[in-house]
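Since the structure comes first, as structure tokens, the remarks are kept for the end.
The values are calculated or read from the model by the stated rules, or taken from the named source; none is laboratory data. Quick caveat: nothing in here was measured; it's all calculated off a predicted structure. Note that we place each Cβ from the backbone using ideal geometry, even for glycine, and neighbour counts take in every protein chain shown.
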Amino acid sequence: MTATIRAVANQKGGVGKTTTVQSLAAALSELGRAVLVVDSDPQGSLTFSLGFEPDELDPTLNDVVTGRATLVDTILQHEEVDLVPANIDLAGAEVTLLSRTGREYLLRGELADLLESYDDILIDCSPSLGVLTINALTAADEVLVPVQCETLSHRGVAQLLETIDDVRRLTNRSLTPRGLIATMFDGRTNHSKEVLADLLARYDLPLVGAPVRKSVRFAEAPAGGQSLLAGGTQVPGAAAYRIIARELADEPIPDDLWEKARWTDVQRDAVLGAVHG
Ligand SMILES: Nc1ncnc2c1ncn2[C@@H]1O[C@H](COP(=O)(O)OP(=O)(O)O)[C@@H](O)[C@H]1O
Ligand SMILES: [Mg+2]
């Protein structure tokens, strides 16, 4: 196996990056794939969501940045996936990396040793376009952009796409913007539908899988360190992440999964009809 590395990035906070990484990792692992997730956010939300206490961990990603550990040394096993953890120490990484030659390539170099050990590597980016996110984009084959279907956040996406273009020119020619992941989608409101239709019309990015419906269950999930998917719930959002995982893994998507995600052809046309014709 050779892992595909995907960065989940959007410099806006609270758009569902961490939730997407955790849920997608669980869905990929359900398909029998070996998955590594990398927490690249000093807030350590992904680390916490997987049931670890970020501040008690040693070593973490920051020790890789400072050269005290290799990435392999930091890996923790979680029931569903392997994790490279992070905590608040990583907040110093931007400064540490400033004086380091080839600072954009650190993560890429470290992950190169792990490519044969996993099918999928997902990087949870921090809400910034700083050197950590550039590291993630430089290491990645593809970038997934979660967008919240609640507020109009066009400028944020445009700025991210500019950064992706810079990375493609300067540090990673093969980086592919894979598409948008629509998060917190509320099918009952016109606003959610309009935001999604507008984003897809405005940017040259396809929608990956189905929009992830809003559900309070996502906020409840982190408590036990288990993803919503592992809990066996059938909320539409879980089905959406299973669809996204199958699309990324190039696996067939059964009809009933589209229904569970509430994104049948009819529903899709009702939302996107105005865009596609
Ligand atoms: N589909 C969803 N429905 C409802 N709440 C969600 C959904 N996805 C994420 N959330 C919640 O939104 C908040 C922000 O999500 P998070 O994944 O932490 O965003 P980010 O990593 O981009 O900051 C969290 O409280 C999370 O539980
Ligand atoms: Mg996050």
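Filtered by the rule that a residue be at pLDDT 90 or above and under 28 Å from residue 191 (Cβ atoms), segment 222-247 gives 235, 236, 237, 238, 239, 240, 241, 242, 243, 244, 245, 247.
Among residues of segment 95-112 that are surrounded by 18 or more Cβ atoms within 10 Å (Cβ to Cβ), those with a Cβ under 6 angstrom from a residue that is part of a loop (DSSP other than H, G, I, E, B), sequence gap 6+ or separate chain, pair up as 104/171.
Looking only at residues in segment 33-69 that are hydroxyl-bearing (Ser, Thr, Tyr) and in contact (Cβ under 8 Å) with a residue 60 or more places away in the chain, the one that is nearest to ligand 1 (Cβ to nearest atom) is 45.
Condition check ((1) of a type in the set (D, E, K, R); (2) at pLDDT 95 or above; (3) over 23 Å from residue 181 (Cα atoms); (4) out of contact with any Asp or Glu (no Cβ under 9 Å at 6 or more places or on another chain)) across all residues:
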residue	(1), (2), (3), (4)
7	no, yes, no, no
11	no, yes, no, yes
40	no, yes, no, no
59	no, yes, yes, no
69	no, yes, yes, no
75	no, yes, yes, no
79	yes, no, yes, yes
91	no, yes, yes, yes
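For segment 172-191, name all the residues that are within 16 Å of ligand 2 (Cβ to nearest atom) and of a type in the set (Ser, Thr, Tyr). Give the steps one after another, and end with the answer.
Applying the first criterion (within 16 Å of ligand 2 (Cβ to nearest atom)) to segment 172-191 yields 181, 183-184.
If the condition is that a residue be within 16 Å of ligand 2 (Cβ to nearest atom) and of a type in the set (Ser, Thr, Tyr), then 183 is the only one that fits.
When the criteria are applied in full, residue 72 meets the requirement of being away from ligand 1 (no atom under 15 Å from the Cβ), in contact (Cβ under 8 Å) with a residue 40 or more places away in the chain and either of a type in the set (A, V, I, L, M) or in a loop (DSSP other than H, G, I, E, B) (or both).
Quick check on this structure: which one of 76, 57 is out of contact with any helix residue (DSSP H, G or I) (no Cβ under 6 Å at 6 or more places or on another chain), within 19 Å of residue 44 (Cα to Cα) and buried (at least 19 other Cβ atoms within 10 Å of the Cβ)? That would be 57, the only listed residue that is out of contact with any helix residue (DSSP H, G or I) (no Cβ under 6 Å at 6 or more places or on another chain), within 19 Å of residue 44 (Cα to Cα) and buried (at least 19 other Cβ atoms within 10 Å of the Cβ).
Looking at this structure, is residue 86 touching a strand residue (DSSP E or B) at 6+ places or on another chain (Cβ under 7 Å) and within 16 Å of ligand 1 (Cβ to nearest atom)?
On the way: touching a strand residue (DSSP E or B) at 6+ places or on another chain (Cβ under 7 Å): yes; within 16 Å of ligand 1 (Cβ to nearest atom): yes.
Yes; evaluated as a whole, the condition is true for this residue.
Scanning segment 186-196 turns up at least one residue that is touching a Ser or Thr at 6+ places or on another chain (Cβ under 8 Å) and outside any helix (DSSP H, G or I).
Scan segment 97-126 residue by residue and report those that are of a type in the set (S, T, N, Q) and closer than 23 Å to residue 10 by Cα. Answer for segment 97-126, where residues must be of a type in the set (S, T, N, Q) and closer than 23 Å to residue 10 by Cα: just 126. Looking across segment 7-51, the residues that are part of a strand (DSSP E or B) and within 15 Å of ligand 2 (Cβ to nearest atom) come down to 7, 8, 37, 38, 39, 40.
Only residues that are within 14 Å of ligand 2 (Cβ to nearest atom) and in a helix (DSSP H, G or I) were counted in segment 112-171, giving 3.
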